[in-house]
1. If only one of A:D32, A:D82 is within 26 Å of A:P22 (Cα to Cα), among the acidic types (D, E) and surrounded by fewer than 16 Cβ atoms within 10 Å (Cβ to Cβ), which one is it?
2. Would you confirm whether or not region A:21-29 contains a residue that is of a type in the set (S, T, N, Q) and under 21 Å from B:E100 (Cα atoms)?
3. Looking at (1) more than 30 Å from A:T123 (Cβ to Cβ); (2) in contact with a helix residue (DSSP H, G or I) (Cβ under 9 Å, 6 or more places away or on another chain); (3) within 14 Å of chain A (Cβ to nearest Cβ); (4) modelled with pLDDT of 80 or more, which is the one condition that is false for B:V71?
4. Testing A:F49 on (1) modelled with pLDDT under 95; (2) under 13 Å from the mean Cα position of the chain (by Cα); (3) of a type in the set (F, W, Y), one condition comes back false. Which one is that?
5. Those residues that are touching a strand residue (DSSP E or B) at 6+ places or on another chain (Cβ under 7 Å) and surrounded by 18 or more Cβ atoms within 10 Å (Cβ to Cβ), I need them from region A:35-44; list them, please.
6. Of all residues in region B:39-52, how many are over 19 Å from B:R76 (Cβ atoms) and either surrounded by 13 or more Cβ atoms within 10 Å (Cβ to Cβ) or in contact with a Pro (Cβ under 9 Å, 6 or more places away or on another chain) (or both)?
Amino acid sequence: MPVIGTERHDSGFTITAEFDAPVERVWQLWADPRQLERWWGPPGYPATFVRHDFAVPGMSIYWMPGESGEQNYAGWEFVSIDPPVSLVVDNGFADQEGRPAGDLAWNRFTVGLEAIGTGTRMTITAGFDSPEHAEQMISLGMLEGSVAALGQADAILAEGG
Amino acid sequence: MCNQMVVDMVDAPTDADVDRIFQALADATRRDIVRRVIEREQNVSDLADRYAMSFAAVQKHVAVLERSGLVAKRRRGREQLVSPVVDTIGHARRLLDELEALWRGRIDRMAAILGEPEGKGA
């Protein structure tokens, strides 16, 4: 199992994982949209990246299939990119042009890569910007009951970060 | 223990429970009390200072909220402390559980791609 630990904060978490591949190779999973599409969405809910600037300033636009086949658009905005060791992205629901859409605030996630021997340690920090934001999502009922299924949660959270 | 029972009640409310919750929240002062209590545990006398009404009136509002299962009251020395029963912290934690599961899935899929022979999918 690649995940070696998780640390919880008030409104988020940091996951640490180790891969048996060099940093440059792991970086490609983020930089190359065709590779990104293979892991971003859960099984059965593949993400299609129609734009992936991978630059600051820059954005990505992607969609994921909804329950009845509709295309749920979401976007990334690149906050910082330092190849091949760090990446900061704001992520949330968007329209087809990548402009934030819907009621939910966008979330930030941070990726760090570090060489360990011939492998790579990756840390992902994600979560809600604030407890208020988490509560906002709760009050919108985004995760109540039927959306517990991972695939559905993924689409609805728009990769909440 | 008692708190846990109330939590269970809120998790699966009956029509009567729901009526009590709506009645409790039908009043602006009580909604304001709930907002403050969700932010942090409140002392009843501090709450009373915030509203232009008597201590007894505020206590009555708290009692209505308590009966609805929205808040719980406990004693600490001479203080009466009011805390939320609708466990927003618990909700946030569950939300984070979902988000974390999402990322763990992604990391597993990344590892699977990295484990493929050179060239595939690159």
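The values are calculated or read from the model by the stated rules, or taken from the named source; none is laboratory data. These figures come from a predicted structure and were not determined experimentally. Please note: Cβ atoms are built from the backbone with ideal geometry, for glycine as well, and neighbour counts cover all protein chains shown.
1. The match here is A:D82.
2. Step one: list which residues in region A:21-29 are of a type in the set (S, T, N, Q), which gives A:28.
Now narrow it down to the ones that are under 21 Å from B:E100 (Cα atoms): none.
For region A:21-29, residues of a type in the set (S, T, N, Q) and under 21 Å from B:E100 (Cα atoms): absent.
3. Answer for B:V71: the failing condition is (3).
4. Going through the list (1) modelled with pLDDT under 95; (2) under 13 Å from the mean Cα position of the chain (by Cα); (3) of a type in the set (F, W, Y), A:F49 breaks only (1).
5. If we filter region A:35-44 for residues that are touching a strand residue (DSSP E or B) at 6+ places or on another chain (Cβ under 7 Å), which is where we start, we get A:36-37, A:41.
Passing the criteria: A:L36, A:G41.
6. 2
One line per residue, one yes/no per condition, for (1) hydrophobic (A, V, I, L, M, F, W, C); (2) modelled with pLDDT under 95; (3) in contact with a Ser or Thr (Cβ under 8 Å, 6 or more places away or on another chain):
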position: A:V3; (1), (2), (3): yes, yes, yes
position: A:S11; (1), (2), (3): no, yes, yes
position: A:W27; (1), (2), (3): yes, no, no
position: A:W40; (1), (2), (3): yes, yes, no
position: A:F54; (1), (2), (3): yes, no, yes
position: A:E70; (1), (2), (3): no, yes, no
position: A:D82; (1), (2), (3): no, no, no
position: A:R108; (1), (2), (3): no, yes, no
